[in-house]
1. Just grab the label-to-label distance for D213 and Y115, each label 7 Å out from Cα along the Cβ direction, in nm (one decimal).
2. What dipole magnitude, in Debye to the nearest 20, does the stretch 159-219 give about its Cα centre under +1 on Lys/Arg Cβ and -1 on Asp/Glu Cβ?
3. Past the 20 Å Cα-Cα mark, which pairs from K126/K173; K128/K154; K123/K154; K132/K208?
4. With label points built 7 Å along Cα→Cβ from the Cα atoms of I77 and I133, find their separation and express it in nm.
5. Would you kindly derive the ³J(HN,Hα) couplings of the stretch 197-207 from the backbone phi angles with the Karplus curve 6.51 cos²θ - 1.76 cosθ + 1.60 (θ = phi - 60°), listing them in order in whole Hz, with x for Gly and Pro?
6. Amide H to amide H under 5 Å from D213: which residues, 5+ apart in sequence or cross-chain, H placed 1.01 Å off N in plane?
7. If you stretched the chain out fully between L124 and L155, how much longer would it get, using 0.36 nm times the residue separation minus the C-alpha to C-alpha distance?
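What follows draws every value from the coordinates through simple rules; no lab data is involved. As the structure is a prediction and not an experimental result, all values here were calculated from the model. All Cβ positions, glycine included, derive from the backbone under ideal geometry; neighbour counts span all protein chains shown.
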Amino acid sequence: MNNASLEKLISQACRDIASEEAARFDAVDVTDITVSAETEKRFSKMLDRAFFRESRTFWILKKIVVAVAVILALLCIVVAAVEPLRNRLWKFKEQPSANCVKIKLETEAGEDIEYPKYIVEAKLPKIKEGWKIEGVKTTMPIPPEYIITTDDGKLIYYSISTVHSELYADNSKHTVEEVVLSNGQKAVVIDYAHGYCMVLWQDVNRYKISSHDFGKEVLLELAGTVE
């Protein structure tokens, strides 16, 4: 027996089995079987969805959605290609809202310092005995983010980043305060209304220490140990 004959026999056997199962299904007496109104409602919805996906209306709507996506893509290409439109969009994107204030971080070297593009040194705060500080796993040589865990399980977040952009904070629900750390570095404290506090400062890099569990007193004390 060759492969073609074998495939025909298997195909015929499958049809026979399916026919027998269909006959048994049709012969089942369902006169005394009832379903709840909720089940009937769900089944009706499923049928409506199935019929809708096969209807002409569904395919028309699908074509409309595709056409809109194509038009939006073409508009994006046009905006990117036309310089005046591109500049106008970029200006709108960068403009902060009326409730935002610009965060100015000062360094001892002044405004003309050339900031490095990469983090070359990890300056870490000095933590108390029993506390732990761990860098978040990353492929970078120096972890940019750290988690400080206190002896009673509370968390403080510390991060280092390059100085590459301006900073803004929402002043409508948060308070912004300029302070001087114990090491003489100028810093900014942002106290959020929902109990989150953040301290920001910079030298050749930018630093942030924040927590949901501690207020500005603890964070300022830790920030002052970074030298």
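1. 3.0
2. Numbers: 5 positive and 8 negative charges, 21 e Å.
Charge dipole, the stretch 159-219, about its Cα centre: 100 debye, nearest 20.
3. Listed pairs above 20 Å: K126/K173; K123/K154.
4. Each label point lies 7 Å from its Cα, and together they span 5.2 nm.
5. So the Karplus estimates, Gly and Pro as x, are 10, 9, 10, 10, 7, 7, 10, 7, 10, 10, 10 Hz.
6. L155
7. Values: separation 31, 0.36 × 31 = 11.16 nm, distance 1.56 nm.
Extra length available between L124 and L155 comes to 9.6 nm.
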